[in-house]
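What follows is a single structure, written as structure tokens, with notes after it.
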Amino acid sequence: LDGARATGYGEAALPLGSSEPLGALVEAIARAAESLIGQELGGIDAVGAAIDSCFAGSNTARAGLYSALVDAAARLAGVPLHQALGSTAATPLVTDITLPIADSAHLARMAIGYWERGFSCFKIKVGADLVADKRTVELVARATPEVALLFDANEGYRADAAIELVRHTRALGLALTCFEQPCGREDHAGLRRVREQGGVAVVADESVRDETDLDS
């Protein structure tokens with residue numbers, strides 16, 4: 001398409017606690033983008049190989065760049081992204097929304113706003129202060145009593161504290177869908193206790209850094 005232009009969107013979000021400087025991530029994307037200017041990609045299937053030919057950054061930066069280019073290619077082709085990636089029909093997706101780290105009263109106000117916009121599941125960052133976390137859950141429960149929650153402690157709790165928060169949440173009548181990394185990445189016994197004694201699904205994302213961790 002001669003002269004056709006499209007803007008694609010991607011996300012290169014550094015994981016919590018990442019040692020990679022934000023500036024280095026942005027520079028890696030900018031260098032690769034400059035090298036890609038003028039290349040004929042020949043379709044979405046060629047995007048990954050084109051990036052690899054000129055890219056020397058982190059996986060985070062590569063993912064953001066890849067997503068943006070694939071999105072732009074689909075827009076230029078005039079088709080939905082899911083169709084450009086090979087799907088015949090869009091699949092409805094229900095997702096949670098994260099309540100950021102903030103004071104409890106502010107989070108409760110945010111919960112009301114999100115509930116009014118149609119969100120029915122909130123992800124809450126916990127793990128730094130059990131008392132404050134309990135207060136946050138109480139205010140969210142009061143503001144949006146029909147909501148479901150999931151917690152993400154980013155390794156911040158020991159098992160006893162995590163289990164206490166789970167029980168406190170259920171006592172308030174709220175549904176808890178899962179608990180993301182309640183304990184340290186190598187505290188397998190603690191993670192197991194939260195699952196068994198708390199009766200909640202545990203997502204051990206920080207526990208998996210490479211393929212060998214899957215065997216633990």
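The values are calculated or read from the model by the stated rules, or taken from the named source; none is laboratory data. These numbers were taken from a predicted model, which means no experiment stands behind them. For neighbour counting, all protein chains shown are included, and Cβ atoms are generated from backbone atoms with ideal geometry for every residue, glycine included. Remember, those area values only see protein heavy atoms, side chains included, never the ligands or the DNA or RNA. Shrake-Rupley method; radii C 1.70, N 1.55, O 1.52, S 1.80 Å.
A few points about this structure:
- If you go through the stretch 81-99 and keep only what is in a helix (DSSP H, G or I), closer than 30 Å to E180 by Cα and either open to solvent by 70 Å² or more (accessible area, probe 1.4 Å) or aliphatic (A, V, I, L, M) (or both), you end up with just L81.
- For Q39, the conditions (1) farther than 19 Å from A6 by Cβ; (2) of a type in the set (S, T, N, Q); (3) in contact with a helix residue (DSSP H, G or I) (Cβ under 7 Å, 6 or more places away or on another chain); (4) open to solvent by 40 Å² or more (accessible area, probe 1.4 Å) all hold with the exception of (1).
- Options G190, G198: the member that is under 29 Å from R109 (Cβ atoms), of a type outside the set (A, V, I, L, M, F, W, C), out of contact with any His (no Cβ under 9 Å at 6 or more places or on another chain) and free of Cβ contacts under 8 Å to residues at least 60 places away in the same chain: G198
Conditions (1) aromatic (F, W, Y); (2) surrounded by 17 or more Cβ atoms within 10 Å (Cβ to Cβ); (3) within 27 Å of E180 (Cβ to Cβ), marked per residue:
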| position | (1), (2), (3) |
| --- | --- |
| R31 | no, no, no |
| A72 | no, yes, no |
| V79 | no, no, no |
| Y114 | yes, yes, yes |
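- Residue check for A72: more than 24 Å from D205 (Cβ to Cβ), touching an Asp or Glu at 6+ places or on another chain (Cβ under 9 Å), assigned to a helix (DSSP H, G or I) and of a type in the set (A, V, I, L, M, F, W, C): no
- Matching residues in the stretch 205-216 - criterion: being closer than 13 Å to D152 by Cα and either without any contact (Cβ under 8 Å) to a residue 24 or more places away in the chain or surrounded by fewer than 17 Cβ atoms within 10 Å (Cβ to Cβ) (or both): D205
- Residue match in the stretch 139-149 (condition: surrounded by 14 or more Cβ atoms within 10 Å (Cβ to Cβ) and at positive phi): no
- Search result, residues across the stretch 176-216 that are assigned to a helix (DSSP H, G or I) and farther than 12 Å from I163 by Cα: H188, A189, E211, T212, D213, L214, D215
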